[in-house]
Every structure is written in C-alpha cells, then in structure tokens.
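Structure first, commentary second.
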Amino acid sequence: MAIKRREFLKGSALAAGAFTLGFMIPIKTRAGQAGAGGDTFVPNAFIRITPDNSVTIIVAKSEMGQNVFTVLPLIVAEELDADWESVHVEQSGVNAAYNSPWFPMMLTGGSSSVYTSWETLRKAGATARAMLLGAAAQSWNVPVERLATRNSVVTDPETGQSATYGELAALASTQPVPEDSPLKPESEFRLVGKDQMRLDSGIKVTGKARFGLDVAVPGMRYAAVARPPVFGATLKSFNATAATAMPGVIKVKEVPSGVAVIADSTWRAIKARDALEVDWDEGAHGSRNTTSMLEEYRALADTTGFVIMQEGDFGALAAAAEQVIDVRYEFPFLAHACMEPLNCTVHDQGGSAEVWTGTQTQTADRSKAAAILGYEPEAVQLHTMFLGGGFGRRAAAYSDFVVEATHVAKGEGVPVKTTWTREDDMRGGQYRPMTVHHSKLALDKKGNPLAWHNCVVSQVLDGFEELTGTKIENFDSSQVEGLKEQAYPVQSLTLEAHLVESPITCLWWRSVGHTHTAFLKETLFDEAAHAAGIDPMAYRLNLLAQHPRFIALLEKVKVMSGWGRELPEGTGLGVAIEESFGSIVAEVAQVKVEGKKIRVEKVWCAVDCGFAVNPLGVREQMESAIIYGLSAALHGQITIKDGKAVQGNFNNYPVVRMDAAPEIEVEIINSGAKMGGIGEPGTPPIFPAVGNAIFAASGKRLRSLPFGI
Amino acid sequence: MSILLSVNGTKYPVDVEPDTPLLWVLRDTLGLTGTKYGCGVSLCGACTVHIDGKAVRSCSVKVSSVGEQEITTIEGVSANGLTIVQQAWIEEDVVQCGFCQSGQVMAATALLAANPKPSDTDIDDAMKRNICRCGVYQRIRKAIHRAAELNSGEV
Ligand code: FES
Ligand code: FES
C-alpha cells in the first residue's frame, strides 16, 4: 500500500522536529487488548512500547487543526513519564475503546476532545507506568515503592540500577493490570500546563502530511458527481454520451445523490461530469429564495412559538417597565468552507472494504459504508486522514460524503476517490441554519433588565436527529443553547421557538447555536447598557457580579484593551462574553468605521477553560476561532435563489485574508473550574464584540449578519 | 499528446490534454500531492508553486503553457532539509490543519526571495492571495518577519 510508512518524517532538531510522527498504522488487532504479550507492551488502547524503547501513543480523535495530535499524547506522556522528545504518535483505527462518552461512537466534536479524554488518558498513562514499575521491581527483586520513573526509564535510586521502558516491555506485559493507579498531583506536571509546540508542524510545512484529498492507492480511479442544483430536487434522466466519449472516462453511473463519472484523473472526472446532460425534477423548491424565507421567518418570530421555557410573567413586568427594547436579529445560512474540499476514497474489495477520508465521525461513517456494501462494519477498515479543516462539516450526521463515495465505488473492485469541487462543497448544504430572533427586553428605571422574551425561528440540525435517533419536534436545542443557561439576572425569562421545514440541510458549524444566541444576547445587553446610559463594560460587570469567572475575564479584557481610553474619531471598542462548551470567553474588538468600510483593528481575548493543558494550543484556538467568526461576521452568507445556493467559491463567499486579519492577543485564566473545550468557544463572542464596536465607532446598531453599513 | 515538464529539477513526460491545469498534473499524474486544491480558480492560493522562482497558482496554469520553465513545488523547495521559511514556520507554531500551508510557504518563500525584508504592508500585499480557514494569519506574519531575520543573520 502506498500510504504507510512513507508518512514518517524525521524532522529537524528544531522544536517540533525531534519527533517522529506515525500515521495510519493499523492497530485494530492490538487496540484494547491489555497485555497482548510478546515483547511489545500494550497495556491499553492508547499505548504501545517496543523493546527498542519506542513509545507510541495512539490518538483516537481526528486532527483538523485543533491540535489533538499533540495535546492528547501529551496527557498520556505526562502520567507515563515518557520521554516526550522521542514519543511516536499514531492515528487510531475504529474501535469501541475510543467511543465518545456521549454516544456509542467515535466523535471529534463539541470541543470535547481534551476534556472528555483527560481522565481516560491520564489513567492509561498511569496504569502503564505502574506496570513498568512492577516489572522493574520484579526483575530487580526490590520494593516497587522506592523506584522512580523519568523520560521512559525506571531507576532504583538506592542501587543506581536503571532500565528503559523498552527493556521492561516484555515483563511489563505479564504484570497484572492495576485497578487504580494514582495520578500525579498538578504540582508534579512536567509537560502538561506548559506551552508545547505542535508535533505535526514538520510534515505540514513540507507538504508531507496526507489529507483525504491526497490519498493515492494503486489502481485508484477518480470520481466527480453531478448533484441536484436545487435543494430537494431528484434525478429524472441523464445523457452521458458526450461525457463517456471524453478522454480518460471509465464509467458513468447513477448513484442516489446524482450521477457519478469515474475517470483516470480528478480533472478528467470533473470535466466529464460537467459535460453530462442531466434532467432534474426540481420538486417543490425550484422557486425558493432566502429573501422570501426571511420575510416568513420575521413574521413567524412575531407570533407565539413553542414555549421552551417560561419563568416569571413577562407581560406584567413589561407593562410596568420603564422601557422595552423590542428588536429582531437576523442570521444567514453559513457554509463551513473548510480549506480542504470534501472527498472520500473507497475500495470495495468484495466482502471487505477500505475507506480513506478526513472525518470527525469514524464509527458512523464506517457503519453506513458497510451497510451500503452489505458487509459487517468490522469488514470495513476506515483510515482517518488529516482533515483540512472540520468545523463540524466533517461530522456529517448522515455521512453524506462517505455514503456517496461508497455508492460510487461499490462493485468497482478498485479504489475510487470522489472529490467535491469547491463549488460542490459550498453549494452542498449542511449549513449553519438561517435564523431570526425576536427579542424584547424590559428595563427598569435604572436601566436594569427585568424581563426578557425571546422567540427564535430556524430549522432542525440534521445532526441531532441522526445522533439521538429521535425525531426532533417543537424545537431544536441549538436554537436556544446559551440562552436557557444565560447569566444575566432577570426576573422573567421566556424562550419560544418555531421550527421551519426546509429542504436546505443544516448542520453544526463551529460553536453551533452560540453563533447566533451569543450575538443576540450580547448585542441586546449592549443596547440595554446604552439605553441605561451606562458604559457597556461597567453594565456587564455590574450585572454579572454573582459570576466570578465572568467578572475575572471581563476585568482581564478591560485591562488588556485599555477600555475607556481616548480613541480616534470613527474608532470604537466593543465587548462581549459567552460561555460555551464548558468554557467562558470574553473579547474586546477595536473597530474603525470609514464610510461603508469596517476594519477590525485588534481583538483582545481572555479565556477560562478551567485548566489549559497546552496554553499555546489554547491561544492558537482562540486566534483561529476569532478569525473564523470574523469571516462570517463581515462576509459570510449563503443566499438561495431559484432553489439553489448562489455562492460557490471564495469570490462570492469571501473570507478574512491576511490584509484584513486583526492582531489578536489572548490571555488565559486557569480558574481551576471543571475543564471545558477550546475549539469553539472563541467564535461566539467575536460577532457581538465587533457589532458593539461598530456601534461605538459609528452610532449604527447592526442587528443583521453579515455586517454591512 | 506528451508534454515535457520540468519539476523540482527532473524532466517528466506527461500525457494529458494541453488545457489540463498544472495543479492536477502535479497531484494526479506526478503524485506530488503537497500542492493542494482549494478553489480551482485563483482565489485561495492553496495550489501555489514556483515557476521560474515566481509564485503562481497552479490551478490556473494550463500545463501546455509552462514550456521549458522550471516548476518548483513544496516537495522541491524542501528537498535538502527544511528551509529558513519552514524553520520559521515551525518556530512560530504557525500551522493548524495545515491544508493551506504548502501554498503559504511557497508564497512566503517567493516573497522573501524578491523582498528580503518585507514590511507588514508588503506581507499583506503578497500574502492576501492565500486563504487560511484556520485563520493563522498573525503567526504567518510573525514567521515571515522571523525568516527575514534568520536570513539576514540577525538571530
Ligand atoms: S486552488 Fe488554485 S488558487 Fe485556489
Ligand atoms: S492551517 Fe488550516 S487552512 Fe490554514
């Protein structure tokens, strides 16, 4: 097989370079089998130590930029007392030992990788260390208590005797697996809690990292699929005469999602796909457009929805209030636009199969591929490649890109790589849903909030229905996440929702519901501060006094940003804070407004994720999440016209580039609270921080995204 | 029709339609998958390679138009170990998902070759053609400054 040990890269002696990084070594026969025997020590599904003292740590999460390839091994290595400089890292296969605590499947999502693996990986490392110590004690015939470990070596301080983990591997395999090995106290951490550079830099700056798109296996063919341009449309008929006559075209076949062309190169497949004459039955949605959908959503948002939560009597409090802020916030569909367009390679070998792809949901993808091929899931080997971005799109609830590629390759007997063009990817749905919130906030004489009523209109996320296996009725939890548990003190909170049916498929998009609820909440309370004539930072600090973590973060960004300082005409600061995925993030944006031009000059960010396992990685995720959100805030929208997505590429779906990227400063507060996630929580506050800064700079209150003046 | 391409110092005969984008010849025909596909229409820079030392978007170069010119890809630029740019990238912990990074490194390498001490504005102008959806722009900026310093022996 072409992709295997070639993937190893011995880096330079520079920072990240001293590591070797293994990828794609099948471990299915070994994972989860404690004490597999032989000379190799495999105490659990995460560690493998061979007699040459090479310590391999297995990563069961998908590396999509968020740095799991570094931080998860770091946790194991800490408790194992492994030599970090020589640790090997390897991507896992599909195995129940790696299932998420939330669902019976492997899942990289919900910003959960570190905090849901923390205990498991620490125990994995500590258990292995205990067994290595046991082996040394046995072979030297000394009490285990007096032995010490460091950098993959066990030593006996009394005799000066030492043995490498590799030398002890065979004997360690015969040791009983301890029930409960003690974990290190935080004060003894040598790796965790300190800035650690990425292990995958070396292979990513040299082009050696293999993404799904880069899969090359002998005999491989290439496919492109013509899919219905109108959402909800179906195939009527097609004429492949011209396409079939084109060079390199091997086969044209119908698949459930459309018509596939299999050729001997990606380019030839795409060209022939474009030459297909396809007649689609547009179905009921050929005239659908987002302009009229928005009208419909606005009207609905003014009517009573399904009541999710009702605390206190909004009507009575509002009637007695000094004033009621009554506003609507509007959000477009958003595409994830991962840098790497979707793709998946499938080899149906007749009775068994292999799948290569960048995915966040291995178990579900494998099961679906197996069902299509008529094989047991175990007969399908799924190789997780590096992901050129995920952001939720590669946690496709219905495994759309894997399912389609499996249909394309089914019965072909050779590997077939199905590649989506950028346009296929961007127009393929699975968006952050278009959303309208109608909010009413009643304020007392001092401008303090009394009662809040919010009604949201949007649609179901495919993900929740598929994962939970239940039909969602009345409301989707993402419609109100962040609102139900919001921190501002109000005597009455009412949350209502309308669910709209639409053929436009929707999915989680980096920070999911918080992408809109944080904007609505933090803009609304900014409006309240201004209505009260109080500085928005002071207003928040006052209202959130009962929440020390919020206060600490706000105080932090207040100092970092020099809040209150004199600013040039047309420049303003905006603040926002949001708790999501177990972490709290406060951000201040400095924005300059010149005519119609909005320029975000600088962003200050303070994050409390409880404990930062790799502070450098946390800062990098904040930087990334802020730019990702900023692209959406300034530019992102998918509009629908005649049932089709209008935007197809980065010309009409622009994103922030180097020349518009603000400088970002991040500080971390290790509050010691329960550990939270870091991949997503940086995104929600940037929308309102920028919006509030635009207001401060220009007096214009923008309630509709993307921002435009 | 066979076309002779000079890539990373080696000549390869390739048998493809003359209008095939260089990107797909590099990736599918020559197996040089370090060069990435991101947009196909000169909008993202993921496919950046050097043709006679200049940064170009290989997705928008017809293979027949290259002629005798020398093509360098990410595989060629680092054939003799890490370059200063790549070292700077590692030291600044630039990469995240990494998918844009071959293109970023190629674009920055060409920039520094033409302009050994680029200002922030020079960096904006040269690098704004390369999208990074992970948003690592400020680390790229720092890494370019660092590479400039390393090149001039200042560090
Ligand atoms: S793939 Fe060539 S510029 Fe995007
Ligand atoms: S590192 Fe992911 S797109 Fe740039």
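The values are calculated or read from the model by the stated rules, or taken from the named source; none is laboratory data. Nothing here was measured: the structure is a model prediction, and the numbers come from that model. Don't worry about glycine lacking a Cβ; one is built from the backbone with ideal geometry, like all the others, and counts go over all protein chains shown. SASA here: full protein model, heavy atoms, side chains in, ligands and nucleic acids out. Shrake-Rupley method; radii C 1.70, N 1.55, O 1.52, S 1.80 Å.
Counting DSSP beta bridges with both partners in region B:2-77, what percentage is antiparallel, nearest 5?
On the way: 13 of 15 bridges.
If we restrict to bridges inside region B:2-77, about 85 percent are antiparallel.
In region A:617-672, a dipole from Cβ-located charges (positive for Lys and Arg, negative for Asp and Glu) runs towards its positive end, and of A:Y628, A:N651, A:G672 it is A:N651 whose Cα lies farthest in that direction.
Protection proxy ranking of A:357-369, B:136-148, by the mean of other Cβ atoms within 10 Å over each peptide's residues and highest first, is A:357-369, B:136-148.
Using the Cα centre as the reference, give the magnitude of the dipole from point charges on the C-beta atoms of region A:595-709 (Lys, Arg: +1; Asp, Glu: -1; all else neutral), rounded to the nearest 20 debye. Intermediate values should be presented prior to the final figure.
Working: 12 positive and 10 negative charges, 132 e Å.
The calculated dipole for region A:595-709 is roughly 640 debye.
In terms of packing, defined here as the mean over residues of other Cβ atoms within 10 angstrom, the peptides B:97-110, A:397-410, A:241-254, A:660-673 line up highest first as B:97-110, A:397-410, A:660-673, A:241-254. Each of B:G53, B:N151, B:I140 was scored by the projection of its Cα onto the charge dipole of chain B, and the greatest displacement toward the positive side belongs to B:I140; charges sit on the C-beta of Lys, Arg, Asp and Glu.
Could you name the lysines in cross-link range of A:K184, using Cα to Cα under 16 Å and dropping any fewer than eight places away on the same chain? Counting by Cα, and skipping residues close in sequence, A:K184 has these lysines nearby: A:K123, A:K194.
Reducing region B:111-155 and region A:650-686 to their Cα centroids gives an inter-centroid distance of 21 Å. With both residues required to sit in chain A, DSSP beta bridges show an antiparallel share near 75%.
What relative contact order, as a whole-number percentage, does region B:2-77 give when Cα pairs under 8 Å and 6 or more residues apart are counted?
Numbers: 148 pairs, mean separation 29.0, N = 76.
That works out to 38 percent.
Using a 1.4 Å probe over protein heavy atoms, the accessible area lost on pairing B with A, summed over both chains, comes to approximately 4800 Å².
Given the protein assembly as shown, what whole percent of its Cα pairs are spread farther than 38 Å?
Details: 162773 of 372816 pairs.
Summing the P(r) tail past 38 Å for the protein assembly as shown gives 44 percent.
Averaging Cα coordinates gives a centre for region A:538-572 and one for region A:354-386; these two points are 48 Å apart. Across the alpha-carbon set of region B:2-77, the Rg to Rh ratio works out to 0.91, Rh being the Kirkwood radius. The trypsin sites (Lys or Arg not before Pro) of region A:484-552 meeting both criteria, a DSSP state outside H, G, I, E and B (loop) and at most 13 other C-beta atoms within 10 angstrom of the site's C-beta, are A:K484. Charging the Cβ of each Asp and Glu at -1 and of each Lys and Arg at +1, and nothing else, the dipole of region B:2-77 about its Cα centre rounds to 240 debye. Mean per-residue shielding of peptide B:135-144 is 5, counting Cβ atoms of other chains within 10 Å of each Cβ.
Where does chain A land at 222 nm, in deg cm²/dmol rounded to the nearest 500, when only DSSP H runs of n ≥ 4 count, each adding -39500 (n - 2.57), divided by all residues? Before the final figure, lay out each step's value.
Numbers: 17 runs with 194 residues, N = 709.
My calculation for chain A gives -8500 deg cm²/dmol from helical runs alone.
Taking 18 Å as the straight-line reach from the Cα of A:K251, the lysines in range (excluding those fewer than 8 positions away in the same chain) are A:K271, A:K410, A:K417. Centroid-to-centroid, using Cα positions, region A:612-638 and region A:164-187 are 39 Å apart.
For the protein assembly as shown, the solvent-accessible area with a 1.4 angstrom probe is 34 square angstrom per residue.
Computed about the Cα centre, the dipole magnitude for chain B is approximately 300 debye when only Lys and Arg (+1) and Asp and Glu (-1) carry charge, each at its Cβ. Among the GluC sites (Glu not before Pro) within region A:547-587, those in coil by DSSP and having at most 15 neighbouring Cβ atoms inside 10 Å are A:E566, A:E569. As a ratio to 2.2 N^0.38 Å, the alpha-carbon radius of gyration for region A:622-692 is 1.40.
Grouping the Cα pair distances of region A:273-400 into 10 Å bins from zero gives a pair-distance distribution of 9, 21, 22, 21, 16, 8, 3, 0 percent in increasing distance order. Note on the protein assembly as shown: dipole from Cβ charges, positive end direction compared against B:V63, A:T206, A:V59; the farthest Cα belongs to B:V63. Peptides A:638-650, A:611-623 ranked from most to least packed, by the mean per-residue count of other Cβ atoms within 10 Å: A:611-623, A:638-650. Counting only other chain Cβ atoms within 10 Å of each residue's Cβ, the peptide B:20-33 averages 4. In region B:75-155, inverting the average of 1/r over every pair of distinct C-alpha atoms gives 12.5 Å as the Kirkwood radius.
How large is the Kirkwood hydrodynamic radius of region A:336-453, counting all unique pairs of alpha carbons, in Å? All intermediate terms of the calculation are to be shown ahead of the outcome.
Details: mean 1/r = 0.0618 Å⁻¹.
One decimal place: 16.2 Å for the Kirkwood radius.
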